[in-house]
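Novice: Provided herewith is a single structure, encoded as structure tokens, for subsequent inquiry.
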Amino acid sequence: MFNDIFKYKQWADRRTLDAVAAIDQDQFPGAMAFARQQLNHMVRVEELFKARLTGQPDPHASTNTEQLPQLSELDQRITASNLWFGRFIGATPLLNEPVTFQFVDGKQGSMTRQEILFHIVNHGTYHRGAIGHALDLAKGARPADTFTVYLHAAEPGRRERTELDRG
């Protein structure tokens with residue numbers, strides 16, 4: 001199931017990155033800056049949890065930065081993160097194994113690998129929703145990124161079921 005969920009996340013992130021790239025940053029610099037800040041926060045959190053899952057030191061001291069990376073860098077990092085999580089899921093049978101760590105605020109944390117994966121997907125969904133507001137302000141296209149839209153795009157045959165199939 002997590003394989004499908006992370007394929008969905010990759011699909012939804014791609015749609016959001018493409019929509020943000022279409023913002024006219026000369027006309028709507030605030031919307032672009034907000035979208036970049038949200039994407040930056042998303043990927044920093046993913047990179048922190050990747051380190052925790054692999055027993056590596058935290059790569060960041062915070063979940064935000066004062067200087068925002070360019071959209072092209074954020075796109076590369078989010079794409080790399082999605083690929084890493086996809087590979088991790090396929091290679092990790094111990095999803096219920098707990099991971100203990102320290103949050104960047106210094107507080108202790110403990111979550112199972114499965115809970116961390118759920119958090120990554122849920123966290124991205126929350127911030128893509130916030131980016132939708134920036135897209136609205138910039139008069140941009142807000143891509144539908146719900147799981148149902150993804151499922152029916154990935155498997156169009158689901159929409160072609162007959163009444164007899166529903167039986």
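Novice: Does at least one position in the range 84-96 carry a residue that is free of Cβ contacts under 8 Å to residues at least 24 places away in the same chain and touching an Asp or Glu at 6+ places or on another chain (Cβ under 7 Å)?
Specialist: There is no residue in the range 84-96 that is free of Cβ contacts under 8 Å to residues at least 24 places away in the same chain and touching an Asp or Glu at 6+ places or on another chain (Cβ under 7 Å).
Novice: Looking only at the range 50-62, decide whether some residue is in contact with a Pro (Cβ under 6 Å, 6 or more places away or on another chain) and either over 27 Å from Gly132 (Cα atoms) or without any contact (Cβ under 8 Å) to a residue 60 or more places away in the chain (or both).
Specialist: Our first condition is that a residue be in contact with a Pro (Cβ under 6 Å, 6 or more places away or on another chain); within the range 50-62, this holds for 51.
Checking which are either over 27 Å from Gly132 (Cα atoms) or without any contact (Cβ under 8 Å) to a residue 60 or more places away in the chain (or both) leaves us with 51.
Yes, the range 50-62 contains a residue that is in contact with a Pro (Cβ under 6 Å, 6 or more places away or on another chain) and either over 27 Å from Gly132 (Cα atoms) or without any contact (Cβ under 8 Å) to a residue 60 or more places away in the chain (or both).
Novice: In addition: Output the residue which, of all residues in the range 91-132 that are among the aliphatic types (A, V, I, L, M) and in contact with a His (Cβ under 8 Å, 6 or more places away or on another chain), is surrounded by the most Cβ atoms within 10 Å (Cβ to Cβ).
Specialist: As a first pass, look at the range 91-132 and keep what is among the aliphatic types (A, V, I, L, M): 91, 94-95, 99, 104, 111, 116-117, 120-121, 130-131.
Remaining after also requiring in contact with a His (Cβ under 8 Å, 6 or more places away or on another chain): 104, 111.
Working: Val104: 14, Met111: 17.
By that ranking, first place goes to Met111.
Novice: When you scan the range 135-149, do you find a residue that is within 13 Å of the chain's Cα centre (by Cα), on the phi < 0 side of the Ramachandran plot and modelled with pLDDT of 90 or more, even just one?
Specialist: Checked the range 135-149: no residue is within 13 Å of the chain's Cα centre (by Cα), on the phi < 0 side of the Ramachandran plot and modelled with pLDDT of 90 or more.
Novice: Restricting to the range 100-115, count the residues that are more than 17 Å from Pro59 (Cα to Cα) and touching a residue at least 40 places away in the same chain (Cβ under 8 Å).
Specialist: 2
Novice: Looking at the range 66-83, can you tell me whether even one residue there is more than 19 Å from Gln10 (Cα to Cα), exposed (fewer than 13 other Cβ atoms within 10 Å of the Cβ), out of contact with any Ser or Thr (no Cβ under 7 Å at 6 or more places or on another chain) and among the acidic types (Asp, Glu)?
Specialist: There is at least one residue in the range 66-83 that is more than 19 Å from Gln10 (Cα to Cα), exposed (fewer than 13 other Cβ atoms within 10 Å of the Cβ), out of contact with any Ser or Thr (no Cβ under 7 Å at 6 or more places or on another chain) and among the acidic types (Asp, Glu).
Novice: I need the full set of residues from the range 87-104 which are farther than 24 Å from Asn64 by Cα and not aliphatic (A, V, I, L, M), in order please.
Specialist: Arg87, Phe88, Gly90, Thr92, Pro93, Asn96, Glu97, Pro98
The values are calculated or read from the model by the stated rules, or taken from the named source; none is laboratory data. Please read these numbers as outputs of a predicted model, since none were measured by experiment. Glycine also receives a Cβ, built like all others from the backbone with ideal geometry; neighbour counts cover every protein chain displayed.
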